[in-house]
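What follows is a short report on a single structure.
The values are calculated or read from the model by the stated rules, or taken from the named source; none is laboratory data. Note that the structure is predicted; figures quoted are calculated from it, not measured. Positions of Cβ are backbone-derived with ideal geometry, glycine not excepted, and every protein chain shown enters the neighbour counts. Ligands, DNA and RNA are excluded from the accessible area calculation, which covers all protein heavy atoms including side chains. Shrake-Rupley method; radii C 1.70, N 1.55, O 1.52, S 1.80 Å.
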Amino acid sequence: MSAVAEAVSDAAVITRRNLRKILRVPDVLVFTTLSPIMFVLLFAYVFGGAIGTQDTGVGYREFLIAGVFTQTVVFGSTFTGYSLAEDLQKGIIDRFRSLPMSTSSVVVGRTVSDIGINVVSLFVMSVTGLIVGWRIRTSVLEAVAAYVLILLFAFAISWIMAAVALTVRTPEVVNNASFIVIFPLTFCANTFVSTSTLPGPLETFANWNPVSSVTQAARELFGNVDPDAPVPDAWPMQHPEVYTLIWVVIILVVFVPLSIRLYQRAASR
Amino acid sequence: MAWVTVECMALAIRATGLVKKYGDVVALDGLDLEVEQGTVMGLLGPNGAGKTTAVRVLTTLLRPDSGRAEVAGVDVLARPKELRRRIGVSGQYAAVDEHLTGFENLDMVGRLYHLGAGASRARARELLAQFDLAHAAERVVKGWSGGMRRRLDLAGALVARPPVLFLDEPTTGLDPRGRVGMWDVIEDLVRGGTTLLLTTQYLEEADRLADRIAVIDQGRVIALGTADELKSQVGGERIEVVVSTEEQLEPARREAALLCIDQPSVDERDRRVTVPVAGGTRDLVELLGRLDRAGIEVLEAGLRRPTLDDVFMSLTGHHAEAEQAGEVSDDPDDSDDSDDSEGVA
């Protein structure tokens, strides 16, 4: 086998192992499906009444769903970091390290298997959304594009979390450290409110925040944009798909090699 | 490579001047080691002697600060991945995945050795049967006993039939029955021609399993040889007598000193006198006669060969076992090993 084929095969083996583990530790699966349902219902019914009045045309619930999708997958990336840090503390990592396997496969297998979790949670959220009145008003193709874009963005973010985990190396610290970043990132955005309601500098930040561009792109692709509400002037909001893809590429180019190197270092202690 | 000479061809492991420091702590202090193909080398030493560090360096898990090593003909530092194809490692803590079944664990290891799907499955089944784990093959490892996990871990090290095997304290934490079971398994393995480097803090274990023993203390090899050679370094057989009262210890020591080849040692707590002798049972009968005539009541008497603990004591000035007393875990199984009780009458 060539080195590339070996790396792909090794990553597939690790991915399968991770997916098995997700199925066997039911708490992970339960919370992966429960928390998105909670988010959809919470925002639709608790905030929906208060915030919804600002919007005309498309209802707040439709506006909201894409934001909840993005927020949930970004939050979910902490699971990548948590699991990786946990693996580093378990005996199995010694077995992995003594095998002639590709050194990238443990991290690649982790981030790839977590796409699976995101697919499940997007599915659950979509069903919940449909029940509370959310609709896809465009074509299947555009809807698929929206889901793919969200998954790609989540994949990129999970590589950042992998790097965090391989730096701090304690599952609990990964959780705490990542929330400090993730909360502002997902709330200083257009996820739950229109960015035009934010004060000056915060509005600029939100318009350039990739979380906003993913959400904006998904809204457009699902057909959930209010026709009467103007899209913010900022370039990222005008070209959300391109802007999101640029971020995905930048994140992957930086964090894939970085995380693999950090893994090699963390594993050789 | 200039190293490979006709003489070295028979070496499975060769390490020269390995040094590894953690801050001020010197884990390896210029360790040299040679292990011939198809033999079992026991690295013997107390906790913290550097045994595990040596294994980690030789198995590519840790880079030494200096020194070089070659295992199975492969330079450890220059071609780590190549080396990993040829070695099997089983560590102190079972490196198994708790959420996978026994079969899935071994199957995964086979695939990561790139054996292919069919061969990985077949090898997993074969090893599960060999290690008496077939009944648990489809059960998740989480519910397995410590001894079963250890066997699975050892099986994992053997998936690719490596010519050189490293076992780091394979029986630490096992109960006495599990320990004997593991010894049987290991003896079967080496009968098949595998070169084995084994670390242990159990003198009895090194004595039973190893062809040659390297005694390690503070990151260096301080003695090397077969168990018999090491024992002969501290003289021949010993007589041990336990007297009934403390007052009789001194007269007993005087009587013993008359026939021994070296000074007798006295253990006041156990009221035990130990003397190295040259004459075996003849000396034992002689000493018992003298003690009887002197009116000293003997509770226990015996002739024993020197143990590796005697070796350790004479080489380092401290007992091999004493060090671990403070450190060893909460595992009650650790406390009841009777390493130096061999042959006491």
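Checked against the criterion of being surrounded by fewer than 23 Cβ atoms within 10 Å (Cβ to Cβ), within 27 Å of B:Glu229 (Cβ to Cβ) and basic (Lys, Arg), the stretch B:10-32 has at least one qualifying residue. Within the stretch A:6-15, the set of residues being over 15 Å from A:Thr80 (Cα atoms) and at the interface with another protein chain (Cβ under 9 Å from one of its Cβ atoms) comprises A:Glu6, A:Ser9, A:Asp10, A:Ala12, A:Val13. It is to be established whether one or more residues within the stretch B:90-111 are in contact with a Phe, Trp or Tyr (Cβ under 7 Å, 6 or more places away or on another chain), part of a loop (DSSP other than H, G, I, E, B) and more than 9 Å from every other protein chain (Cβ to nearest Cβ). So far as the stretch B:90-111 goes, no, none of its residues is in contact with a Phe, Trp or Tyr (Cβ under 7 Å, 6 or more places away or on another chain), part of a loop (DSSP other than H, G, I, E, B) and more than 9 Å from every other protein chain (Cβ to nearest Cβ).
Residue-level analysis places B:Arg238 among those that are within 30 Å of B:Arg212 (Cα to Cα) and modelled with pLDDT of 80 or more.
Exactly one residue out of B:Leu77, B:Leu165, B:Leu83, B:Leu154 is of a type in the set (A, V, I, L, M), touching a residue at least 12 places away in the same chain (Cβ under 8 Å) and at the interface with chain A (Cβ under 10 Å from one of its Cβ atoms): that is B:Leu83.
Every listed requirement among (1) at pLDDT 90 or above; (2) open to solvent by less than 70 Å² (accessible area, probe 1.4 Å) is met by A:Gly49 save one, (1).
Against the criterion of being within 13 Å of chain A (Cβ to nearest Cβ), open to solvent by 40 Å² or more (accessible area, probe 1.4 Å), under 19 Å from B:Leu189 (Cα atoms) and under 24 Å from the mean Cα position of the chain (by Cα), B:Arg149 qualifies.
Run down B:Thr60, B:Thr52, B:Thr39 and say which single residue is more than 25 Å from A:Gln264 (Cα to Cα), of a type in the set (S, T, N, Q), touching a Ser or Thr at 6+ places or on another chain (Cβ under 8 Å) and buried (at least 16 other Cβ atoms within 10 Å of the Cβ).
Details: B:Thr60 fails: more than 25 Å from A:Gln264 (Cα to Cα); B:Thr52 fails: more than 25 Å from A:Gln264 (Cα to Cα).
Selected residue: B:Thr39, the only one of B:Thr60, B:Thr52, B:Thr39 that is more than 25 Å from A:Gln264 (Cα to Cα), of a type in the set (S, T, N, Q), touching a Ser or Thr at 6+ places or on another chain (Cβ under 8 Å) and buried (at least 16 other Cβ atoms within 10 Å of the Cβ).
Taking the stretch B:187-225 as the range and being open to solvent by less than 30 Å² (accessible area, probe 1.4 Å), under 16 Å from B:Gly38 (Cα atoms), in contact with a Ser or Thr (Cβ under 9 Å, 6 or more places away or on another chain) and of a type in the set (Val, Ile, Thr) as the test, the residues that pass are B:Thr195, B:Ile213. Looking across the stretch A:208-228, the residues that are open to solvent by less than 10 Å² (accessible area, probe 1.4 Å), in a helix (DSSP H, G or I) and not basic (Lys, Arg) come down to A:Val211, A:Ser212, A:Ser213, A:Val214, A:Thr215, A:Ala217, A:Ala218, A:Phe222. For B:Arg121, the requirement of being more than 10 Å from chain A (Cβ to nearest Cβ), in a helix (DSSP H, G or I), out of contact with any strand residue (DSSP E or B) (no Cβ under 7 Å at 6 or more places or on another chain) and at pLDDT 95 or above is met. Just one of the listed residues (B:Asp310, B:Asp262, B:Asp292, B:Asp270) is among the charged types (D, E, K, R) and under 28 Å from B:Phe166 (Cα atoms), namely B:Asp310. Of the residues making up the stretch B:16-61, those that are touching a Lys or Arg at 6+ places or on another chain (Cβ under 9 Å), modelled with pLDDT of 90 or more and assigned to a loop (DSSP other than H, G, I, E, B) number 4. Conditions: (1) part of a helix (DSSP H, G or I); (2) surrounded by fewer than 20 Cβ atoms within 10 Å (Cβ to Cβ). B:Arg161 meets all but one. Number of the miss? With (1) part of a helix (DSSP H, G or I); (2) surrounded by fewer than 20 Cβ atoms within 10 Å (Cβ to Cβ) applied to B:Arg161, the lone miss is (1). What residue, among those in the stretch A:66-92 that are open to solvent by 10 Å² or more (accessible area, probe 1.4 Å) and farther than 22 Å from A:Val40 by Cβ, is nearest to the other protein chains (Cβ to nearest Cβ)? Residue satisfying both the conditions and the ranking: A:Gly91.
Among the residues of the stretch A:133-185, the ones that are in contact with a Phe, Trp or Tyr (Cβ under 7 Å, 6 or more places away or on another chain), open to solvent by less than 60 Å² (accessible area, probe 1.4 Å) and outside any helix (DSSP H, G or I) come to 1 in all.
Considering only residues in the stretch A:16-34 that are away from chain B (no Cβ under 11 Å) and open to solvent by less than 40 Å² (accessible area, probe 1.4 Å), the one that is nearest to the chain's Cα centre (by Cα) turns out to be A:Thr32.
Counting only residues that are touching a Lys or Arg at 6+ places or on another chain (Cβ under 6 Å) and under 20 Å from B:Asp310 (Cα atoms), which one in the stretch B:244-297 is surrounded by the fewest Cβ atoms within 10 Å (Cβ to Cβ)? Looking at the filtered set, the residue picked out is B:Val266.
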